Amino acid sequence: MPMTDPRRRIPRTDDILRSAPVEAARASVSEQVIRDVIAGVQQRARHGEIAPEQVESSVAEALARRGSIAARPVLNATGVVIHTNLGRAPLSAAAVDALVTASGYVDVELDLATGVRSKRGMSARAALLRHCPAAQDALIVNNGAAALVLATTTFAAGAEVIVSRGELIEIGAGFRLTDLIESTGARLREIGTTNRTHLRDYVDAIGPQTGCILKVHPSNFRVQGFTAEVDIAQLRSAADRSGIPLVADLGSGLLHPDSLLPDEPDAASALRAGADIVTASGDKLLGGPQAGLVLGRADLVERMARHPLARAVRADKLALAALEATLDGPSTPVESALHADAGRMEERARRLAAAIDAEVVTHDGRVGGGGAPGVPLPGWAVAITAGGAPPTELARRLRTGDPAVLPRLHEGVLLLDLRCIPEADDDRLAVAVRDALTTLVPNDGEPAVTPEH
Ligand SMILES: *Cc1c(COP(=O)(O)O)cnc(C)c1O
């Protein structure tokens, strides 16, 4: 290496380790991460990608980015309330507080009065039962899929699960309930046809080999036209005659009917109609953390709780705390977004549109998360044309901006629906959109930027 080689000017690791930005970063990242970041930046300097003089500032920048955790907050401007790719239900402030408290040592399995070990998550379970008195008992597990697996394992391992062909659903990302159930060692006894299943089909299938009857709410699609399904009340009679458990997988986690979503099943109604066990998710319409809810007959819930698999799918203390706070707390962000006042949304959309010189259009939001398919949530959105620049490029800038914004792209138009954005974030959204727009040069047919591939 000749004396003039610029690589000689690359700062040494020991010197960078003593710099002020690195000192500051030690509060949030490990020594190993710091050393990896430094090595990476020095490497870029060796390859001539940056000047040796830029090494220290590049390290500082990289560490500042690392300092924030991997999960970046996103302003959800899609109008989809339960967006699985954005982590489903955003938690209420009360639930967030509970999470933080529960992150330390807590009495999750201890009775403080006696000092003796107690059942796990007793207070979350009690809250769930208070909010769903139709259930005799409740169990909280890791997620909806775990609740279903635990139910079918407990009642039907080595036996049959009777389920209608109209309810054999895929819940997303190629994930099929059928595969899930069969992975437990239960055999699926498919009955009826895709569009029509009758009570007789269930009755004919019941025998000594039957473990349970499963009713699945096909949450993410609808069969219309010449259809027939057997409701829980009718299935009750079949289950009564044979004494086998009737399990209903509802998915959404509504505990009571919601007038906005008349076709969405709820736990209280399903239990009153005769389901022995109801399973649901905590982070869909209930608006809580990821969790699986099991509600129903005390003896059957007890059997599930005692199954060895229950230990493998138990809810963590953070989820238990957040779930309890969601149940006992004020209205959830999911509820607020679902029931957002259209007039207020329009006002907010007009204010945003005026700030960025865009147009206001009517726009239907969605429940999402595989809930209430086809049910529109009428509202408003800001439509941005950006002087003909590619909307995909504007969308990319919004997603990668600060704060990150996820818009909806529909038929070549970029839409910002304010339904799922807290009003307190309106100004931040306006700034983010203006930032994204100012760097985007309008054009006359010539793309100002290369569209995304
Ligand atoms: C969402 C859903 C599930 C899976 O629940 P997770 O909480 O995602 O594990 C199972 N069944 C139905 C009907 C659902 O809608």
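Heavy-atom accessible surface of residue 155, to the nearest 10 Å², is about 20 Å², with a 1.4 Å probe and all protein chains retained. Using only Cα positions of region 20-66, each an equal point scatterer, no hydration layer, compute I(q)/I(0) via Debye at q = 0.29 Å⁻¹ and quote the log10 values to two decimals. Once normalised to I(0) and log-transformed, intensities are -1.05. Cα centroids of region 100-140 and region 351-396: 42 Å apart. Taking every protein chain into account, the 1.4 Å probe leaves residue 307 with about 50 Å² of accessible area, to the nearest ten. The slack between residue 93 and residue 306, meaning 0.36 nm per residue of separation minus the straight C-alpha distance, is 73.3 nm. So what's the angle, to the nearest 10 degrees on a 0 to 90 scale, between helix 232-242 and the longest Cα principal axis of the chain? For helix 232-242, the angle is close to 50 degrees. The solvent-accessible area of residue 194, taken with every protein chain present and a 1.4 Å probe, is close to 100 Å². How tilted is helix 31-46 with respect to the longest principal axis of the chain? Cα atoms for both, answer in degrees (0 to 90, nearest 10). So the helix axis and the longest Cα principal axis differ by about 50 degrees.
Counting only protein chains, not ligands or nucleic acids, how are 357, 258 ordered by accessible area (probe 1.4 Å), most first?
On the way: 357 145, 258 30 Å².
Descending accessible area places them as 357, 258.
From most to least packed by mean Cβ count within 10 Å, the peptides 425-432, 4-11, 89-96 give 89-96, 425-432, 4-11.
Placing R0 at 51 angstrom, the Cβ-Cβ distance between residue 224 and residue 8 gives a FRET efficiency of 0.10 after rounding to 0.05.
So if each residue of separation counts as 0.36 nm, and I subtract the Cα-Cα distance between residue 233 and residue 18, what length gain in nm does that give?
On the way: separation 215, 0.36 × 215 = 77.40 nm, distance 7.12 nm.
Extra length available between residue 233 and residue 18 comes to 70.3 nm.
The DSSP beta bridges internal to the chain are antiparallel in roughly 60% of cases. Among the GluC sites (Glu not before Pro) in region 375-424, those located in a DSSP loop and surrounded by at most 16 other Cβ atoms within 10 Å of their own Cβ are 411. Straight Cα distances below 24 angstrom link residue 119 to the lysines 317, with same-chain residues fewer than 8 positions distant left out.
Rounded to the nearest 0.05, what FRET efficiency is calculated for residue 242 and residue 129 with R0 set to 30 Å and r the Cβ-Cβ distance?
Details: r = 28 Å, r/R0 = 0.93.
After rounding to 0.05, the efficiency reads 0.60.
Rounded to the nearest whole Å², what accessible area per residue is found for the chain with the 1.4 Å probe?
Numbers: 22280 Å² over 453 residues.
Each residue of the chain exposes 49 Å² on average to a 1.4 Å probe.
Helix 55-67 and the longest principal axis of the C-alpha atoms of the chain enclose an angle of approximately 20°. With Cα atoms defining each centre, region 220-252 and region 1-42 are spaced 63 Å apart in the structure. Working from Cα pairs under 8 Å separated by at least six residues, relative contact order for the chain is 19 percent.
Extension gain, residue 61 to residue 411: 0.36 nm times the residue separation minus the Cα-Cα distance gives 122.2 nm. If you bin all the Cα-Cα distances of the chain at 20 Å, starting from zero, the percentages per bin are 21, 42, 30, 7, 0.
Beta bridges assigned by DSSP with both partners in region 91-193 are antiparallel in approximately 45 percent of cases.
Relative intensity of region 93-330 on a log10 scale, I(q)/I(0) at q = 0.14, 0.18 Å⁻¹, equals -0.87, -1.38, per a Debye sum over C-alpha point scatterers of equal strength in the absence of solvent.
The values are calculated or read from the model by the stated rules, or taken from the named source; none is laboratory data. Not measured: the values here are computed from a predicted model. Cβ sites come from the backbone with ideal geometry, for glycine too, and all protein chains shown count toward neighbours. Just the protein is used for accessible areas: all its heavy atoms, side chains included, with ligands, DNA and RNA removed. Shrake-Rupley method; radii C 1.70, N 1.55, O 1.52, S 1.80 Å.
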